Every structure is written in C-alpha cells, then in structure tokens.
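The next block holds one structure in the form of structure tokens; read it before the comments.
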Ligand code: TTP
Ligand code: MG
C-alpha cells in the first residue's frame, strides 16, 4: 500500500501578510487583487472566516459581513516566490511530488520512509522546517490514496497532521457529509440528498446496479469510488516550476562513475536547452541537483554574465559544477535547472553568440519535435561516427 502525503498551507496568502506585519495577527483580514469594492476575496484569515467570509466572495459582501475587516492588496509575486521555496523543501523528501496549486502538493513517500522515518515523521519534519524557515503553518494529511490524504488534510486544518489508515475509515471517512468529498459540488449535493444520501456512509446501502439505475454511468462510477474509498494512487510528477526549466532523473542504479554522470548531465542539458529554445528563453543561472544514496540532496548553481540556451553551454556549466562539487558517495538522482530566465528578444547581439550553432540547434529541435527523441539520438550517433 502506498504512503501519500498531502500538504496544504493554512490561509496561505493571509498568513504571509501576518508574518510581514505581525500587528495583523489574530485579526480578520482578507487578501484581494484590487483595492476597489469590485474585487473578490483571494483568501481570508481564519479569524475572518468566522464571519462566513471565504475565497471568491465579492469584497463588498465580505465587508458587509465584518465591519472591521482589514483588506490587503496581495503581493502575488512574493506568494509565488515563497511557494517555489516550499515546493523545493517538499521535494527533498521524495522524487515523486505533484504540485497541485500554489500552496498544495502530493508526495508519494512509499520508498523514502526507510530514509526519513514514518510518513507521520516526514509530515512532522515538513511542518517544522516550514515553520522555522517561513514562520508559516501548513496541514499534512496522510493516507494510501490521494483522495483520503486530501481529506485528512482538510480534517486536520489548521496546523494539523493526520493519517487515515484503512482501519480508520469508519472513524474519519464514512461519517463525512458528502459535500466534503472533493468533486462533489452543490448540485451533486442536492441530487444526492433527494436520493437519501447525506453522509458518505449512506452510499453503503447501494450497489453499482442501484446507482446506474438512477444516475449516469460516469457519476455512478464516481459514487462507487467514493463508497469504496478508492482514490487515485498515482502521484504525477509535474515538470518544472514556472520561472525555471528543469529536468531530473532518478538513476536505475546508484553510481560513482563521473563519466556516466556527465553523460546523464548531457541528456538533461539537451532537454533543458531544447525547452528553453522552444519558448525563446535564455537562462542566466544554471543549477545542478545531486541526490546521494543517503537522500542528502544538494544543489550547486552558477550565475552567468552572459545568458545561454544552447545544449553545449548548459552542459559546460553543469559539468564544471559537478566536477567542483561532487562528493565521494554514490549518486541516485541528477538534475539540471535553468533559471533567471529572460526572453531571447533581449539584446543578445551584445554577446558573442554563435549564430550557426544556434541555427543548428533549432533545426535539431524541429526534428526532435517531428520524429521524437529516438530519431535525433540516432542522427547524433551518425554524426559522431562520421566525425
Ligand atoms: P487554499 O489552499 O484553497 O486556501 P488557503 O490556503 O488560503 O486556506 P486553507 O487553510 O483553507 O487551505 O488556497 C491557497 C491560496 O490560493 C489562498 O491563500 C489564496 C489563493 N486562492 C485564490 O486566490 N482564490 C481562490 O478562490 C482560492 C480557493 C485560493
Ligand atoms: Mg491552503
């Protein structure tokens, strides 16, 4: 059975503002994207929620509900920046992380509990690190699928930590009102109420055949899934965080062979380079990630004076970082990240860029796009043989 953690920050944007200005602590505040009355609530502090204020509510209504509401215009780039840093912390605990929103992620820690301790201990560590680094609280739910992990988070909020094991379903899951299930909106709630289902446990009375007689097949399947507490177990690793382009790979076997690591960096650099060029981007920072077999994860980066996006330039930096910083321990994961990105329309004429090389790379990217990676590898090995 998998061990899946769901992490979600508490009143994320509002809590960041409280850290920036501690006099807001304990007060009803909302974050909005406009100062006029026509805006909506991005999020509300827990104190403001007591007045019935919630995300997406028109600001006007929120002010009506709470006379001394403090309205703050959001610093969205700051929230983004903190979000990235938090996601980086989370990804220190597993290679399998699915970032779901600005303040929420799923982590499959099935394989890493041996290294960091139980899932609960990982949850505790994550909460402690986030508290220490940002003075923010989050809630962590743990279970064997994503549905139950998310529900565990919701049940434990704020500043919570809860694991729902298979034997705990009667205690935590079945008594829930159906609207607590992600994906069950107000319309479904009404339909289900008419059908005599208010709590999840009410679904137990029905077989799939009963459900199909009353509902469309897709909805019946969904209800059956809820009845059986089945949820998606696949944590889908999402590519790169915005603002940077990265690629990383967990090796089939741990290695200490530098040449082999360099060849891995070569294909990672190619991927990063090709994604940069596709978006017409140049990078001014190149970072490598090394995860050793004891799961110690380190990053080394270099800021460049000239922005780059060719495979060979990226590889050159990656290899030199690797050679300078590698420790004498087996490596299990390698990554290459390009950040401090800028548009290629930036005046690159100032930099002595090799035009022909760039054109050649663009052609390769086009072939890759058309025929896939395999074909281009073939082409390159032919080039090698000839040269
Ligand atoms: P949520 O995690 O849904 O909310 P939250 O973190 O503020 O509170 P909770 O403790 O209940 O998790 O969303 C994360 C951030 O995303 C939130 O702080 C603000 C932003 N957001 C919006 O801007 N609009 C919205 O409608 C929602 C739901 C969130
Ligand atoms: Mg949240």
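The residue that is surrounded by the fewest Cβ atoms within 10 Å (Cβ to Cβ), counting only those in region 30-53 that are within 15 Å of ligand 2 (Cβ to nearest atom) and closer than 29 Å to residue 88 by Cα, is 46.
Cβ-Cβ distances below 9 Å connect the following pairs, each with a first residue in region 79-106 that is under 21 Å from residue 145 (Cα atoms), a second residue that is in a loop (DSSP other than H, G, I, E, B) and within 11 Å of ligand 2 (Cβ to nearest atom), and a separation of six or more residues or different chains: 103/10.
Which ones in region 29-45 are closer than 14 Å to residue 61 by Cβ and either within 16 Å of ligand 1 (Cβ to nearest atom) or at pLDDT 90 or above (or both)? Within region 29-45, 30, 32, 38, 39, 40, 41, 44 meet the criteria. Is one or more of the residues making up region 202-215 within 16 Å of ligand 2 (Cβ to nearest atom) and either over 19 Å from the mean Cα position of the chain (by Cα) or closer than 30 Å to residue 45 by Cβ (or both)? No. If the condition is being part of a loop (DSSP other than H, G, I, E, B) and at pLDDT 95 or above, then region 58-82 contributes 66, 67, 68, 69.
Assessment of region 71-78 against the conditions (closer than 29 Å to residue 291 by Cα and touching a residue at least 40 places away in the same chain (Cβ under 8 Å)) yields at least one matching residue. Counting the residues of region 1-18 that are out of contact with any helix residue (DSSP H, G or I) (no Cβ under 7 Å at 6 or more places or on another chain) and away from ligand 1 (no atom under 11 Å from the Cβ) gives 2.
Applying the condition of being more than 15 Å from ligand 1 (Cβ to nearest atom) and assigned to a strand (DSSP E or B) to region 109-151 and asking which residue is surrounded by the fewest Cβ atoms within 10 Å (Cβ to Cβ) yields 142. Can you spot a residue in region 76-91 that is more than 28 Å from residue 4 (Cα to Cα), under 20 Å from the mean Cα position of the chain (by Cα) and within 12 Å of ligand 1 (Cβ to nearest atom)? Yes, the conditions are met somewhere in region 76-91.
Among the residues examined, residue 182 does not qualify as closer than 25 Å to residue 119 by Cβ, in contact with a helix residue (DSSP H, G or I) (Cβ under 7 Å, 6 or more places away or on another chain), within 16 Å of ligand 1 (Cβ to nearest atom) and in contact (Cβ under 8 Å) with a residue 60 or more places away in the chain.
The values are calculated or read from the model by the stated rules, or taken from the named source; none is laboratory data. All of these numbers come straight from a predicted model, not from anything done at the bench. As a convention, Cβ positions derive from the backbone with ideal geometry for all residues, glycine included, and neighbour counts pool all protein chains shown.
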